[in-house]
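The values are calculated or read from the model by the stated rules, or taken from the named source; none is laboratory data. None of the values given here were measured: they were computed from a predicted structure. Note that we place each Cβ from the backbone using ideal geometry, even for glycine, and neighbour counts take in every protein chain shown.
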Amino acid sequence: MPDLAIQTSGLVKTFDKTRAVDGLDLAVPAGAVYGVLGPNGAGKTTAVRILATLLRPDGGEATVFGHDVVREADAVRSRVSMTGQYASVDDEMTGAENLILLARLLGHRKPAARARAAELLEAFGLTEAGGRQVKTYSGGMRRRLDIAASILNTPDLLFLDEPTTGLDPRSRNQVWDIVRIVVAHGTTVLLTTQYLEEADRLADRIAVIDHGRLIAEGTPGELKSSVGAGSVHVRLRDPATRTEAERLLTEILDTTVYRESDPVSLTARITGNGRDEAAAEQASRALAQLAAAGIVVDDFSLGQPNLDEVFLALTDHRATEETAA
Ligand SMILES: Nc1ncnc2c1ncn2[C@@H]1O[C@H](COP(=O)(O)OP(=O)(O)O)[C@@H](O)[C@H]1O
Ligand SMILES: [Mg+2]
């Protein structure tokens with residue numbers, strides 16, 4: 001077993017009648033990016049605030065690097081840092097001034113504080129902007145500065161609560177690069193997100209949560225393979241060949257093939273046995289068989305399922321179970 005940065009068991013937090021966190025079990029390995037994926041209101045921020053010792057749970061247990069978040073809150077605090085909805089930077093000051101001030105508050109002497117600020121501004125592409133007031137920054141620059149502020153003292157565990165919400169694609173990419181830099185320096189990152197693509201790109205493992213509960217956990221690949229490896233779309237030259245193409249694809253892919261409203265198109269979901277290569281292999285075998293049978297294919301595509309599909313599949317499944325119960 002790898003070392004665990006976070007472990008929770010049966011964690012509960014209730015606000016009035018809302019069970020924001022409702023019996024959450026998490027095991028977050030150290031040294032990687034762990035994604036907590038869920039829609040608005042799923043309980044992500046509440047869970048993060050409990051783990052960062054900002055909120056007391058009503059039930060269950062949570063440890064951070066083996067320290068209980070309630071009984072050993074000081075030990076937890078000494079090893080974690082958080083950024084997110086609570087901006088720590090001052091708009092009226094420059095980026096550099098903010099970082100230097102925060103570094104001084106963390107106990108660094110002035111030369112060390114200046115050096116650390118310069119190093120982080122450089123690493124996050126903010127050297128030029130460092131001399132400007134933060135109120136002139138774009139949303140992406142501000143978010144990068146916020147992350148820089150949270151890692152002034154390289155924490156063992158960094159909570160990033162929806163770090164790219166509201167950012168344009170370019171700024172989002174910059175934040176992703178920064179997360180990769182942070183992890184490469186040995187910090188474990190717990191990142192919450194509503195963006196399925198973000199969890200897929202960044203996280204080594206993902207917990208999908210909804211209504212305060214864990215509904216799935218695994219690597220992005222595992223989650224995707226739980227709803228199939230993707231789908232093949234084929235466009236035939238001659239509509240008269242569709243019945244034969246449908247028969248061949250059903251046989252080779254061992255799955256259901258759908259006729260599209262367009263009379264020359266077929267779509268099939270590939271199982272792929274949980275491996276992307278297997279899906280690609282199956283798809284190319286299918287194409288070769290169609291060609292061998294004299295069926296001309298004008299267009300062909302192999303689509304990966306995205307985590308959107310994964311999430312929908314998982315939550316639909318859950319809703320069905322609940323109705324049945
Ligand atoms: N301080 C609070 N008081 C009352 N309800 C809250 C409070 N914080 C969160 N909630 C409720 O708990 C649920 C989970 O919220 P939250 O943890 O913020 O979800 P997320 O971060 O995934 O969007 C929501 O229904 C939210 O309205
Ligand atoms: Mg939130």
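Tabulated results
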{"quantity": "Within the stretch 93-164, helices (runs of 4 or more DSSP H) holding 2 or more residues that are of a type in the set (Asp, Glu) and more than 24 Å from Ile50 (Cα to Cα)", "calculated": "110-123"}
{"quantity": "Considering residues of the stretch 254-294 that are among the hydrophobic types (A, V, I, L, M, F, W, C), part of a helix (DSSP H, G or I) and modelled with pLDDT of 85 or more only, the residue surrounded by the fewest Cβ atoms within 10 Å (Cβ to Cβ)", "calculated": "Ala292"}
{"quantity": "Of all residues making up the stretch 170-192, the number that are within 24 Å of Gly38 (Cβ to Cβ) and among the small types (Gly, Ala, Ser)", "calculated": "1"}
{"quantity": "Where Gln85 falls short, out of the listed (1) at pLDDT 95 or above; (2) not assigned by TED's automatic domain parsing to the domain that holds Val183", "calculated": "(1)"}
{"quantity": "Sole residue being crowded, with 16+ Cβ neighbours inside 10 Å and touching a strand residue (DSSP E or B) at 6+ places or on another chain (Cβ under 7 Å), chosen from Gly23, Gly10, Gly31, Gly38", "calculated": "Gly38"}
{"quantity": "Considering residues of the stretch 215-248 that are in contact (Cβ under 8 Å) with a residue 60 or more places away in the chain and in a helix (DSSP H, G or I) only, the residue surrounded by the most Cβ atoms within 10 Å (Cβ to Cβ)", "calculated": "Leu223"}
{"quantity": "Residue pairs meeting the criteria (Cβ under 6 Å; at least 6 apart or on separate chains; first touching a residue at least 12 places away in the same chain (Cβ under 8 Å) and of a type in the set (D, E, K, R), in the stretch 30-53; second in a strand (DSSP E or B) and more than 9 Å from ligand 2 (Cβ to nearest atom))", "calculated": "Lys44/Val36"}
{"quantity": "Flag if Val89 is within 18 Å of Leu4 (Cα to Cα) and surrounded by 17 or more Cβ atoms within 10 Å (Cβ to Cβ)", "calculated": "no"}
{"quantity": "Out of Lys17, Lys44, Lys110, sole residue that is out of contact with any His (no Cβ under 9 Å at 6 or more places or on another chain), surrounded by 19 or more Cβ atoms within 10 Å (Cβ to Cβ) and charged (D, E, K, R)", "calculated": "Lys44"}
{"quantity": "The stretch 144-169: number of residues that are without any contact (Cβ under 8 Å) to a residue 40 or more places away in the chain and within 16 Å of ligand 1 (Cβ to nearest atom)", "calculated": "3"}
{"quantity": "Residue within the stretch 167-186 that is among the hydroxyl-bearing types (Ser, Thr, Tyr) and either within 16 Å of ligand 2 (Cβ to nearest atom) or surrounded by fewer than 21 Cβ atoms within 10 Å (Cβ to Cβ) (or both) present", "calculated": "yes"}
{"quantity": "Subset of the stretch 31-56 [more than 11 Å from ligand 1 (Cβ to nearest atom) and in contact with a Gly (Cβ under 8 Å, 6 or more places away or on another chain)]", "calculated": "Gly31"}
{"quantity": "Count of the stretch 189-204 residues which are more than 16 Å from ligand 1 (Cβ to nearest atom) and surrounded by fewer than 19 Cβ atoms within 10 Å (Cβ to Cβ)", "calculated": "3"}
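Rundown of residues vs (1) at pLDDT below 95; (2) within 16 Å of ligand 2 (Cβ to nearest atom); (3) among the hydroxyl-bearing types (Ser, Thr, Tyr), yes/no style:
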| position | (1), (2), (3) |
| --- | --- |
| Leu4 | no, no, no |
| Thr8 | no, no, yes |
| Val12 | no, no, no |
| Asp16 | yes, no, no |
| Ala30 | no, no, no |
| Asn40 | yes, yes, no |
| Pro57 | no, no, no |
| Ala75 | no, no, no |
